[in-house]
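First comes the structure, then the notes that go with it.
The values are calculated or read from the model by the stated rules, or taken from the named source; none is laboratory data. All figures in this text were calculated on a predicted structure; none of them were measured in a lab. Glycine also receives a Cβ, built like all others from the backbone with ideal geometry; neighbour counts cover every protein chain displayed.
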Amino acid sequence: LVFDFHQAADGIQEQQRQEQAGKNLGTTKKGIGPVYSSKAARSGLRMCDLVSDFDEFSERFKVLANQYKAIYPTLEIDIEGELKKLKGFMEKVKPMVRDGVYFMYEALHGPPKKILVEGANAALLDIDFGTYPFVTSSNCTVGGVCTGLGMPPQNVGEVYGVVKAYTTRVGIGAFPTEQNNEIGELLQMRGKEFGVTTGRKRRCGWLDLVLLRYAYMINGFTALALTKLDILDVFPEIKVGVAYKLDGEIIPHFP
């Protein structure tokens, strides 16, 4: 569960990075990094905790909140006010909570049906295989289907990769084919490239086939869907990145 203090801590962390290193990660400040930190530290709270014993949940919430207050002295948390709000949420969501593993097992082994799983973010934002540290906090590759839904890999059928006809990125991080010029501005304007959460302009550049090949190595697409090809209609010439140079040597792979 992402709490308000996770989001507040996310903002404080970004401010500290900016002050100490002169640059930040460009997170959305929605608390995703801090809540995954709580999960890894095994101090986080889950939906099952919220809807089972609220007294026990309250005690664990207080411990977690006080841990964050100790780490971030400027962080203000109205613990009792938050618990009151969370109890109201609990009463609303409790009838809708199900065991995810059992739900998926029944769906996979019940009457034949097609199940579509849609991933979020992008392969190069994956916490393990992306352009770390400029990544999100979860697995955005096809492996996230199994770890996120609790279903076995043999039940994953067709894998469709989705890629724009040009490359974009929100915030800082590596971008070899970026066009920091009129071409990039035209791609941004025609493609309406703004971050969904932050509203920031996306950086734009030519399609990077090296990154696309790398994404294929990880995900094993059975098909590829190319989107926004019409955005390139105004360009007399369309370019793509085919290889990288490292220390003067051409390398055909993602370094």
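A few notes on this one:
- Subset of segment 49-103 (residues that are surrounded by fewer than 12 Cβ atoms within 10 Å (Cβ to Cβ), in contact (Cβ under 8 Å) with a residue 12 or more places away in the chain and of a type in the set (Ser, Thr, Tyr)): Thr74
- Only listed residue being over 30 Å from Arg17 (Cβ atoms), among the β-branched types (Val, Ile, Thr) and outside the structural domain of Gly144 (by TED's automatic domain parsing), chosen from Ile218, Ile238, Ile172: Ile238
- Qualifying residue in segment 177-191 (condition: touching a helix residue (DSSP H, G or I) at 6+ places or on another chain (Cβ under 9 Å), at pLDDT below 95 and not aliphatic (A, V, I, L, M)): no
- Any hit, segment 165-174, residues being exposed (fewer than 14 other Cβ atoms within 10 Å of the Cβ) and touching a helix residue (DSSP H, G or I) at 6+ places or on another chain (Cβ under 6 Å): no
- Where strands (runs of 3 or more DSSP E) fall wholly inside segment 180-255, the ranges with 3 or more residues that are within 25 Å of Gly119 (Cα to Cα) are 203-208, 223-227.
- Filtered residues of segment 185-207 (kept if over 20 Å from the mean Cα position of the chain (by Cα) and under 22 Å from Pro255 (Cβ atoms)): Gly205, Trp206, Leu207
- Among the candidates Asp128, Asp99, residue that is out of contact with any Phe, Trp or Tyr (no Cβ under 8 Å at 6 or more places or on another chain), acidic (Asp, Glu) and closer than 18 Å to Tyr36 by Cβ: Asp128
Yes/no per residue for (1) loosely packed, with under 13 Cβ neighbours inside 10 Å; (2) out of contact with any strand residue (DSSP E or B) (no Cβ under 9 Å at 6 or more places or on another chain); (3) within 16 Å of Phe175 (Cα to Cα):
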position: Ala107; (1), (2), (3): no, yes, no
position: Lys114; (1), (2), (3): yes, yes, no
position: Ile127; (1), (2), (3): no, yes, no
position: Val135; (1), (2), (3): no, yes, yes
position: Ser138; (1), (2), (3): no, yes, no
position: Thr141; (1), (2), (3): no, yes, no
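- Scanning segment 222-255 for residues that are aromatic (Phe, Trp, Tyr) and modelled with pLDDT under 95 turns up Tyr244, Phe254.
- Within segment 125-139, considering residues that are of a type outside the set (Ser, Thr, Tyr) and within 8 Å of the chain's Cα centre (by Cα), the one farthest from Pro176 (Cα to Cα): Asn139
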